[in-house]
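J.: Below are the structure tokens for one structure; questions will follow.
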Amino acid sequence: MSADGKGHGHNHDHDAEEKGLALRVKTLETLLVEKGLVDPAALDRFVEEYETRIGPKNGARVVARAWTDPAFKQRLLTNATAAIGELGLSGLQGENMVAVENTGSVHNVIVCTLCSCYPWPVLGLPPAWYKSAAYRSRVVKEPRGVLKEFGLEIPSGTEVRVWDSSAEIRYMVVPRRPAGTDALSEAALAALVTRDGMVGTAPV
């Protein structure tokens with residue numbers, strides 16, 4: 001955990017590797033579009049779908065299970081990788097997961113200060129703003145201000161904790177369960193959970 005940007009497990013080789021991969025993907029995409037093999041509009045729709053719907057639905061299942069099953073929630077907060085694996089969700093970029101819970105006194109938000117490490121198995125692809133230099137630098141220094149820009153104002157009495165994902169550990173936020181949802185099924189609860197809620201930049 002890093003509330004001040006310290007303790008990030010990255011090294012420059014990993015940062016260069018991430019940038020190199022992004023460049024190779026962009027080059028391949030450009031070639032496919034130029035040869036008429038890929039419709040750029042269709043590609044954009046696919047990426048958006050995976051960023052905002054398909055990927056985050058996995059994490060929403062995890063959160064809804066934690067809201068409805070106290071034993072699972074305890075396992076999730078104790079060993080997130082194993083608990084998430086119980087739902088068949090694991091793999092690349094999610095080998096070492098940590099789940100942090102929002103409460104009435106603590107609000108959590110995740111970032112990757114040096115590149116864009118992100119828990120793909122539960123959140124899909126990282127949004128553009130998560131990878132931006134502005135978010136990566138500012139959310140550590142002024143988390144309340146950044147969250148306010150997302151439309152989320154944190155009460156002065158609530159502690160804000162910033163968790164710095166790395167190549168070794170990736171975080172996800174377990175948002176607070178909305179009031180008045182006691183009668184909802186697990187599936188209905190999952191439908192309420194958003195990607196940004198699991199990053200910590202939006203309420204649920």
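The values are calculated or read from the model by the stated rules, or taken from the named source; none is laboratory data. Note that this is a predicted model, so its numbers are computed, not measured. A quick note on method: Cβ atoms are made from the backbone with ideal geometry, for glycine too, and the neighbour counts reach across all protein chains shown. These area figures cover heavy atoms from the full protein model, side chains too; ligands, DNA and RNA do not enter into them. Shrake-Rupley method; radii C 1.70, N 1.55, O 1.52, S 1.80 Å.
J.: Relative to the present Cα-Cα distance, how much length would full extension add between residue 149 and residue 69 at 0.36 nm per residue of separation? Kindly include the intermediate steps, with their values, before the conclusion.
T.: Details: separation 80, 0.36 × 80 = 28.80 nm, distance 3.34 nm.
Length gained, residue 149 through residue 69: 25.5 nm.
J.: Here is a follow-up. Residue 168 to residue 31: extension gain in nm, 0.36 nm per residue of separation minus the Cα-Cα distance? Before the final figure, lay out each step's value.
T.: On the way: separation 137, 0.36 × 137 = 49.32 nm, distance 3.28 nm.
Gain on stretching residue 168 to residue 31: 46.0 nm.
J.: Sorting check: for 181-189, 125-133, 56-64, which peptide has the highest mean count of neighbouring beta carbons within 10 Å, and how do the rest follow?
T.: Details: 181-189: 12.3, 125-133: 16.0, 56-64: 23.3.
Descending packing order for the listed peptides: 56-64, 125-133, 181-189.
J.: For a Förster distance of 22 Å, can you work out the FRET efficiency between the beta-carbons of residue 134 and residue 156, rounded to the nearest 0.05? Don't skip to the end; give the middle numbers.
T.: Details: r = 24 Å, r/R0 = 1.10.
Taking R0 as 22 Å, the efficiency between residue 134 and residue 156 is 0.35.
J.: Using a 10 Å cut-off on Cβ atoms, rank the peptides 138-147, 164-173 from the highest mean neighbour count down.
T.: 164-173, 138-147
J.: Suppose every Lys and Arg Cβ carries +1 and every Asp and Glu Cβ carries -1, with no other charges. What dipole size does segment 60-168 come out with about its Cα centre, to the nearest 20 debye? Kindly include the intermediate steps, with their values, before the conclusion.
T.: On the way: 11 positive and 10 negative charges, 35 e Å.
Once rounded to the nearest 20, the dipole reads 160 debye.
J.: Shifting gears a bit: Round to a whole number: what % of the accessible area of segment 67-204 belongs to carbon and sulfur, probe 1.4 Å? Could you put the intermediate results ahead of the total?
T.: Numbers: 3370 of 6130 Å².
Reported share for carbon and sulfur atoms: 55 percent.
J.: If ligands, DNA and RNA are left out, what is the accessible area of residue 78 with a 1.4 Å probe, given in Å² to the nearest 10?
T.: 100
J.: If you count only protein heavy atoms with a 1.4 Å probe, what accessible area per residue comes out for segment 92-192, rounded to a whole Å²?
T.: Working: 4530 Å² over 101 residues.
Per-residue accessible area for segment 92-192 comes out at 45 Å².
J.: Ok, one more. Any chance you could run the full-extension gain for residue 78 through residue 57? It's 0.36 nm times the residue separation minus the Cα-Cα distance, nm to one decimal. Show your work: numbers first, answer last.
T.: Values: separation 21, 0.36 × 21 = 7.56 nm, distance 2.21 nm.
Using 0.36 nm per residue and subtracting the Cα-Cα distance, I get 5.4 nm.
J.: Compute the separation of the alpha-carbon centres of segment 157-183 and segment 107-138 and state it in Å as a whole number.
T.: So the two Cα centres are separated by 14 Å.
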